[in-house]
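Heads up: the structure comes next, in structure tokens.
The values are calculated or read from the model by the stated rules, or taken from the named source; none is laboratory data. Only a predicted model underlies this, so the values are computations on that prediction, with no experimental measurement involved. Every residue, glycine as well, gets a Cβ built from its backbone with ideal geometry; the counts of neighbours run over all protein chains shown. Only protein heavy atoms, including side chains, enter the accessible area calculation; ligands, DNA and RNA are left aside. Shrake-Rupley method; radii C 1.70, N 1.55, O 1.52, S 1.80 Å.
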Amino acid sequence: MSLFSNLSIGSQALISFQKGINVVNKNMTNVYTEGYKREIPTFSNFPTAGVDFDEAKRVYDDRLLNRLIATNQEKSYYETLNSNLGDIEQIFNDINGNGFGETLDNFFYSMNDVITSPDNLASRDSFLYASQTLTGRIRESYEELSNIRENNQKSIQYDIDQLNDKLQSIAKINENIKMNQNNDSALNNSLNERDKLLNEISGYIDTKVVFNSDGTVDLFSAKGHALVLYDKSFSLSFKTEPQTVSITDPDTGDILTYTKNLSQILINGNNLTQEFQRGSLGGKLATEKGLDETIYNLNIFTFKFANEINSIHSSGFDLNGNAGENLFINENSLNTTNIDASNIKLNISDPSKVAASDSTTDTHSNNENMKTMLNLKENSFTFLQNQTFNEFYNSSIVADIGLKKNHIDNLFNEKNSLYESTKAKLEEISGVNMDEELIRLSQLQRSYEASARIITVTDELLQTVMGLVD
């Protein structure tokens, strides 16, 4: 082998090991960079040509990435739902005085003073105050539920906007991956960004990822609707559709009707709302469903409560011997049609108009109508699942939310633990270990120095040979 060949081999090795050192330095620089996958410099050995830098091999496990995406979809779903259920639970947290269970008890309890002293205006005024307080707490509960629902829908729109941006970014990264097939550094950077975005997208929706042989990806919804096809992304859109709810009271035949705005998520005009069962969007759609159920129960409670109280109160007589008026009305129509949690209003402010008597005679001492009204507390109603007012409130509103919250909380902790363990495993494989990098850097530096030494010695030999010629 000639001295010039030695120079060529040494120079090639010097360049190759310098590239390897650059790869290690890149790893060490990105030790704390989220989503960065470490790279290992690989070399090819040729008997007659020495060492050649082969590639910066990205350390990557697609099975773990797929598992991370799947667990993140579930974790994000339960995390979102758990947080929102906590907000709903606070509205009816009677332990902290946030619910209206105690106010409902006080309403019925205030009737006892009127029964004891039917002609006492202070007792009657206390009854009206308890009635006003109860209607206020019911409406306050409804307004808080409505605010959560409105904010939830705004949050859905925000998530969709963010998701659309990330889908566009995936399409752009696909182009970069295709373009940088022969550039290890740029390609690996694009692949890292791709994986980071895929994990972020899985936090929004349940998606299927198809990994292509060239590193590009195609994304689909759970039911196969295209989200990204190479360099083309498909945007999601959001709208609300008014829906009328009608419920018939089997006890009386009365009908409650109210309107709610139903969330819809669309792709290319196709309503795919039912497809979103995971991710934060799935959690927010599930939150809306839970809110609708709670508002539904609150409305039928209010509807039944107002109608039953009105039926008895309007059949009695007030302190002046006049026929009793409806105690509660619909604030919007000023009658008893469609009284629900959003519009219930106390109709009487004059304590003398409380219809405690069931007769026009001796209205100052007759308390039979008030006794009949008090008995409603123990009555069960088909419309309320054969429960009393208190039982329905406690089981179908308070306990129902609490049980769901506890169940979802357990599921979230389970999925979050699984997600974190998968993430740690992926980090263990793909993350940068400074000790390993320092060892590899030391090895490469020695190889670099040895290559430099070969060039130096060869140059000295050439100088000696040239001197002999002279």
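A few notes on this one:
- Angle between the chain longest axis and helix 101-116 axis [Cα atoms, degrees, rounded to 10]: 10 degrees
- 222 nm mean residue ellipticity, helices alone, for the chain (DSSP H n ≥ 4; -39,500 (n - 2.57); rounded to 500): -20000 deg cm²/dmol
- Distance between region 52-93 and region 242-273 - C-alpha centres, whole angstrom: 32 Å
- Computed over the chain, the P(r) tail beyond 32 angstrom holds 60 percent of alpha carbon pairs.
- Derived scalar couplings ³J(HN,Hα) [region 142-156; Karplus, 6.51 cos²θ - 1.76 cosθ + 1.60; whole Hz; x for Gly, Pro]: 4, 5, 5, 4, 5, 5, 4, 5, 5, 5, 5, 5, 5, 5, 4
- Rounded tilt (10° steps) of 434-469 against the dominant C-alpha axis of the chain: 20 degrees
- Cα shape, region 337-386, gyration tensor, a/c 1.5 rule: oblate
- Angle between the chain longest axis and helix 400-430 axis [Cα atoms, degrees, rounded to 10]: 0 degrees
- Spatial offset of region 119-180 relative to region 12-44 amounts to 49 Å, using the alpha carbon center of each.
- Violating pairs (Cα-Cα greater than 18 angstrom) within the set Lys208/Lys289; Lys37/Lys57; Lys239/Lys405; Lys304/Lys377; Lys178/Lys232: Lys208/Lys289; Lys239/Lys405
- Going by accessible surface with a 1.4 Å probe and the largest first, Tyr32, Tyr60, Tyr109 read Tyr32, Tyr109, Tyr60.
- Label-point separation in nm, Asn413 to Asn183, each point 7 Å along Cα→Cβ: 5.0 nm
- Whole-Hz couplings from phi, Karplus 6.51/-1.76/1.60, listed for region 127-136; x for Gly and Pro: 5, 5, 5, 5, 5, 5, 4, 5, 4, x
- Amide hydrogen proximity for Lys345: with H placed 1.01 Å from N in the peptide plane, the residues at 5 or more positions away or on another chain lying under 5 Å are Ile329, Glu331.
- The phi-based Karplus calculation (6.51 cos²θ - 1.76 cosθ + 1.60; θ = phi - 60°) puts the 3J(HN,Hα) values of region 34-45 at 5, x, 6, 9, 5, 10, 10, x, 10, 10, 10, 9 Hz, whole numbers, x for Gly and Pro.
- Cα pair distances in region 210-340, grouped into 10 Å bins until the bin that holds the longest one, percent each: 10, 27, 21, 16, 12, 8, 4, 2, 1
- Listed by chain and number, the aspartates and glutamates whose alpha-carbon sits under 15 Å from that of Lys284, ignoring those within fewer than 8 places in the same chain, are Glu74, Glu79, Asp87, Glu150, Asp159, Asp161, Asp206, Glu275, Asp292, Glu293.
- Label-point gap, in nm, between Glu449 and Arg63 - each point 7 angstrom along Cα→Cβ: 4.1 nm
- Residue list for region 133-156, given a label point 7 angstrom along the Cα-to-Cβ vector of Lys239 and an amide N cut-off under 20 Å: 150, 153-156
- Other residues within the sphere of radius under 14 Å centred on the Cβ of Ser280, judged by their own Cβ, net out at -1 (K and R +1, D and E -1).
- Heavy-atom SASA rank of Val114, Val51 (probe 1.4 Å, accessible area, largest first): Val51, Val114
- The fraction of accessible area contributed by carbon and sulfur in the chain is 47 percent, rounded to a whole number (1.4 Å probe; ligands and nucleic acids excluded).
- Rounded to whole Å, sorted largest first: equivalent-ellipsoid semi-axes of region 300-414, Cα gyration tensor: 36, 16, 10
- Summed over the residues of region 112-257 and divided among them, the accessible surface reaches 47 Å² per residue at a probe radius of 1.4 Å.
- Pairwise centroid distance, computed over Cα atoms, of region 199-233 with region 306-344, Å: 57 Å
- Spin-label model, Thr248/Thr273: points 7 Å from Cα along the beta carbon direction are separated by 2.5 nm.
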